[in-house]
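Single-structure report; data block below.
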Amino acid sequence: WGSCQMPSIKGINMTVGQEQQAGMKEKQVLEDLETHLTRRDTEALFQEQPQTGNQYLEDTLLRSYLKTHLPPKVLEEVHQDLERFGNRLLTKIQRLSWECELNPPAFRQFDAWGRRVDHIHTCSAWRRMKEISAEEGLIAEAYEKRYSNWSRLYQAVKLYLFSSSSGGFSCPLAMTDGAAKVIESLGIPGSLKNAFDRLTSRDPEKFWTSGQWMTERRGGSDVANGTETVARKQPDGTYRLYGFKWFTSAADSDMALTLARIADAEGQCTQGSRGLSLFFLRVRDEEGKLNNIQVQRLKDKLGTRQMATAELWLQGARAELISAEGRGVAAISNMLNITRIHNVIGAVASMRRMISLSRDYACKRVAFGKLLKDHPLHMQTIARMEVQVRGAFLLLMEIVRLLGLAETNLATEQEQLLLRLLIPVAKLYTGKQASAVAVEAMESFGGQGYMEDTGLPVILRDALVLSIWEGTTNILSLDVLRSLAKSQGQVMAVFLSTVQVSPQLQPCSASPWQSLLW
């Protein structure tokens, strides 16, 4: 058999041994071909990652707005700083944001020997975000007033760019800004001078963040009936606070403003909003020990998991009364206005981020033989989202422009009335918008939009809080009604006259009022 001639293969006469070798080679070729085809099938599933560049330089609407409204000298300085900040966000800060998401805070109640420590551990990236916030003057910018009435708008622009790369640190910044505003509105009394200087510092070693402790067991918005915390006056003039704070965001902050009811000599407290006073307290002493505060647990939240939100027992926490007795709600209202504006900033930034990624993806993803950008229906969907975010952005810019005028005593009575109306309206509207746009934008990525490691679900989860935090839709609606009633209808008259005379309402131009009118 060894010398027997076998039928030829492709005209070649071979022995049995040669045939076996040829068969093995042919089998290998087929296996290689099969493997190659398998790899090709697999490779076809890989999609190019959507990316964005310098967020400031790529945001044509933002740059156009600043060019149109800022004085030339201010624009020159602001442009240089924002371009630099955009590069820092792209090359340094965005990766920290993802680290914050992957390493959420952890709570350790006891040490190895059974001693109560109530330690909230945050990751190094979160702590770095605090340092960056100070270095960039994300709070300081509004209070230094380097650019007079344009300082608040400039701060808002930096926060807008920072928000989507902040790893959730925008939330403590909102409360920090609000606390600084409250202290400023009180005339920065001597006892609060150190706190104000730290809240508005550019030095990472000195910079403080603040909490806002109002929500108790009965709920959040109804502070008049829901606040049970009691303040007992001490011989030295300070107070001791006793109560349970059910939802305290940024529990790792350095200080907090909180509401409580002052007990009289008989231990009785005035109920309702007239019984509420505003207090300042340090969360920890100089040695890092909690100020007679016990952490019950960290909240297990749907989103904003990068930030520590806790339930706290106040068991004689030392505090300072900073409002007139019984005027706590009025005193803290400045904080609520600022945090609501920050909520709008976060909503608009979230929408801009999702749409920017969606647009870039449309230039890379091929489906049905052509890029997504070449499918009219797909681009119509993106265009509709773009209209939404542009209207929201311009509305935000109008609000911070008015706030800047009010803070420098340049606002007319009509502008102050308009600001009072627009803050709750914008917070209500953009909070709803952000969730809807996030869902729509996720859909534009197909199945990839649903994958955790793309980072897209994080944006959606974090956006969902924007319609809840600082007042739900119905609460804000009631606030709008209060502004109408308190002004005896003047607010609406000012709004309608402003809309009618606005030069931006010409055809084919974007307007801050279009979102509301539509």
Scanning region 230-262 for residues that are among the hydroxyl-bearing types (Ser, Thr, Tyr) and buried (at least 19 other Cβ atoms within 10 Å of the Cβ), the one nearest to the chain's Cα centre (by Cα) turns out to be SER249
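State whether the residues of region 136-154 include one that is within 30 Å of GLN294 (Cα to Cα) and either part of a helix (DSSP H, G or I) or modelled with pLDDT under 95 (or both).
No, because not a single residue in region 136-154 is within 30 Å of GLN294 (Cα to Cα) and either part of a helix (DSSP H, G or I) or modelled with pLDDT under 95 (or both).
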Quick count over region 436-495, residues being acidic (Asp, Glu), surrounded by 17 or more Cβ atoms within 10 Å (Cβ to Cβ) and either modelled with pLDDT of 95 or more or assigned to a helix (DSSP H, G or I) (or both), is 3
With the first residue restricted to region 204-231 and required to be assigned to a loop (DSSP other than H, G, I, E, B), and the second required to be among the β-branched types (Val, Ile, Thr) and open to solvent by 10 Å² or more (accessible area, probe 1.4 Å), Cβ contacts under 8 Å at 6 or more apart or on different chains are MET214/VAL223; SER221/THR472; SER221/ILE475
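Every residue, every condition in (1) assigned to a strand (DSSP E or B); (2) within 27 Å of CYS100 (Cα to Cα); (3) at pLDDT below 95; (4) not assigned by the TED database to the domain that holds PHE169, yes or no:
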| residue | (1), (2), (3), (4) |
| --- | --- |
| THR270 | no, no, yes, yes |
| ARG274 | no, no, yes, yes |
| SER277 | yes, no, no, yes |
| ARG297 | yes, yes, no, yes |
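Conditions (1) over 29 Å from ASP59 (Cβ atoms); (2) free of Cβ contacts under 8 Å to residues at least 40 places away in the same chain; (3) in the same structural domain as ALA195 (by the TED database), marked per residue:
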site: GLU287; (1), (2), (3): yes, yes, no
site: ASN291; (1), (2), (3): yes, yes, no
site: GLU311; (1), (2), (3): yes, no, no
site: ALA317; (1), (2), (3): yes, no, no
site: SER323; (1), (2), (3): yes, no, no
site: ARG340; (1), (2), (3): no, no, no
site: ASN343; (1), (2), (3): no, no, no
site: GLY346; (1), (2), (3): no, no, no
site: HIS375; (1), (2), (3): no, yes, no
Farther than 16 Å from SER170 by Cβ, open to solvent by 70 Å² or more (accessible area, probe 1.4 Å) and not aromatic (Phe, Trp, Tyr): does that describe THR91? yes
Checking GLY211, GLY219, GLY187, GLY178 in turn, the sole residue that is at pLDDT 95 or above, over 23 Å from GLY86 (Cα atoms) and open to solvent by 20 Å² or more (accessible area, probe 1.4 Å) turns out to be GLY187
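For (1) open to solvent by 10 Å² or more (accessible area, probe 1.4 Å); (2) of a type in the set (Lys, Arg); (3) closer than 25 Å to LEU259 by Cα, each residue gets a yes or a no:
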| position | (1), (2), (3) |
| --- | --- |
| GLU311 | no, no, yes |
| GLY326 | yes, no, yes |
| SER333 | yes, no, yes |
| LEU336 | yes, no, yes |
| ARG340 | yes, yes, yes |
| ALA367 | yes, no, no |
| LEU372 | yes, no, no |
| ALA406 | yes, no, no |
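The values are calculated or read from the model by the stated rules, or taken from the named source; none is laboratory data. All values reported here derive from a predicted model rather than from experimental measurement. For neighbour counting, all protein chains shown are included, and Cβ atoms are generated from backbone atoms with ideal geometry for every residue, glycine included. Note: accessible area is taken over every heavy atom of the protein model, side chains too, but ligands, DNA and RNA are not part of it. Shrake-Rupley method; radii C 1.70, N 1.55, O 1.52, S 1.80 Å.
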